[in-house]
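See below for the structure under consideration.
The values are calculated or read from the model by the stated rules, or taken from the named source; none is laboratory data. Note that the structure is predicted; figures quoted are calculated from it, not measured. Cβ atoms come from the backbone with ideal geometry, glycine included; neighbour counts cover every protein chain shown.
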Amino acid sequence: MVKKKLMFSILIIVASVLGTMAFATQSQAAEKTIRWKGQSCFGVASPLGKHSIVLWKKYVEEMSGGRMEITLHDSGEIVPPTKIYDAIKTGLLDFGMNTPAWQKGKYPGGDLFYTLPGGILQFNDLILWLYGGGGKELEQEMYGDEIIVFPLGLTPPEEIWSKKPIKTLADIKGLKIRAAGLSMDMWEKLGASVILLTGGEVLPSLQRGLIDATEFLDPSYDYTMGLHEVCKYRFGPPIHMSNNIFQLFIQPKTWKALPDDLKAIVEKAAMAATFQGYADFWIDSIEYNKKIEEYGTITTKLSKEDQAKARKIAFEILDEKSEKDPFFKKVWESQKAFIAKYKTYSDLTTFD
């Protein structure tokens, strides 16, 4: 009888211990840190990196209270920048920063998800369309189930550098200019020869006379590159493109495994990083624009008439491309419809 009572007591103790261990295991599992590995397509120390994906990493880790740990690799550390899309799609990376320009062969409509030539979608138009007019939903529709995408990283308006004075659109004819994306069509229609170069090739090409002009980024980036030292002139507004906005890519299985509250943090951290980064980027632009002026760079601005001509050409380019790709047309029609709805009240509230 005593043995039975003893055995019964032992079983209760064992059951209690096992129950406590199971509870502890469940609690540890619930508190387990989620670790993601990814890569930037731009140098993390560069303005394009620090004002975008570096901020996003910081916000995710802070907002998640340490439940997420983000390992961010620099550009090229794991895969070449142009291969980030493939690395995430195959599961080599959990996330990455990308530009839609690098998938334009497969997704021509990607060109429409950063600002367009001719000032068609500038900062305010672009942001309102992306976040309120169905733009980011169309961006996800473009990639389908292959990848999860959120807007991430926004740059200030660009400038155009030249070794020759540019006062009118007619002065662009005959220029050899470095360009990329939809702007290549714009420059060609204006009579320029377009050359596609990586960032590291731009300055040497200007020095050797292989190109006469270039667009690259904002004053802070352009000054740091040394464009003011080889180009005596710059002009605006940026008829080729206003702002750049990039993308946060996430591996679909990685995304699905994330709890809903952390999904919200990842997405909203991308928005927060985009807008805070944009403000920080602009502060740098203001500072470096002053340095460019003090250096003696001659700055000109195209007339309203020339700006209107560039805008007309841009509409022609986009309509022509719409005839070649159904999804490009779908996105462009969405943008045109949004501009038409937006313009009436925008014009009323904008000072001439």
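Of all residues in segment 234-254, those satisfying the criterion of being surrounded by 18 or more Cβ atoms within 10 Å (Cβ to Cβ) and either free of Cβ contacts under 8 Å to residues at least 60 places away in the same chain or not in a loop (DSSP other than H, G, I, E, B) (or both) are ARG234, PHE235, ILE245, PHE246, GLN247, LEU248, PHE249, ILE250, THR254.
Remark: pairs (first residue in segment 305-317, farther than 15 Å from SER242 by Cα; second residue among the hydrophobic types (A, V, I, L, M, F, W, C); Cβ separation under 7 Å; 6+ apart in sequence or on different chains) = ASP306/LEU169; LYS309/LEU169; ILE313/MET186; ILE317/LEU182; ILE317/MET186.
Among the criteria (1) under 28 Å from PHE235 (Cα atoms); (2) out of contact with any Leu (no Cβ under 9 Å at 6 or more places or on another chain), the one PHE275 does not fulfil is (2).
Taking the criterion of being free of Cβ contacts under 8 Å to residues at least 24 places away in the same chain and in a helix (DSSP H, G or I), the residues of segment 59-81 that qualify are GLU61, GLU62. Condition check: free of Cβ contacts under 8 Å to residues at least 24 places away in the same chain, surrounded by fewer than 18 Cβ atoms within 10 Å (Cβ to Cβ) and farther than 30 Å from SER303 by Cβ. Does GLU146 satisfy that? Against the criterion (free of Cβ contacts under 8 Å to residues at least 24 places away in the same chain, surrounded by fewer than 18 Cβ atoms within 10 Å (Cβ to Cβ) and farther than 30 Å from SER303 by Cβ), GLU146 does not qualify. Restricting attention to segment 197-215, the residues that are more than 20 Å from SER75 (Cα to Cα) and part of a loop (DSSP other than H, G, I, E, B) add up to 5.
The set of residues in segment 96-127 being over 16 Å from ILE339 (Cβ atoms), part of a helix (DSSP H, G or I) and among the hydrophobic types (A, V, I, L, M, F, W, C) consists of ALA101, TRP102.
Given the options ASP185, ASP222, name the one that is assigned to a helix (DSSP H, G or I), modelled with pLDDT under 95, on the phi < 0 side of the Ramachandran plot and crowded, with 20+ Cβ neighbours inside 10 Å. So that I can check it myself, show each step before the final result.
On the way: ASP222 fails: modelled with pLDDT under 95.
When all the criteria are applied, what remains is ASP185.
Within segment 147-158, does at least one residue satisfy the condition of being more than 23 Å from GLY43 (Cβ to Cβ) and in the same structural domain as PRO80 (by TED's automatic domain parsing)? The answer is yes, given that some residue of segment 147-158 is more than 23 Å from GLY43 (Cβ to Cβ) and in the same structural domain as PRO80 (by TED's automatic domain parsing). Scanning segment 173-204 for residues being free of Cβ contacts under 8 Å to residues at least 24 places away in the same chain and of a type in the set (Ser, Thr, Tyr) gives a total of 2. Taking the criterion of being at pLDDT below 95 and either within 20 Å of GLY118 (Cβ to Cβ) or of a type in the set (D, E, K, R) (or both), the only residue of segment 197-210 that qualifies is GLU201.
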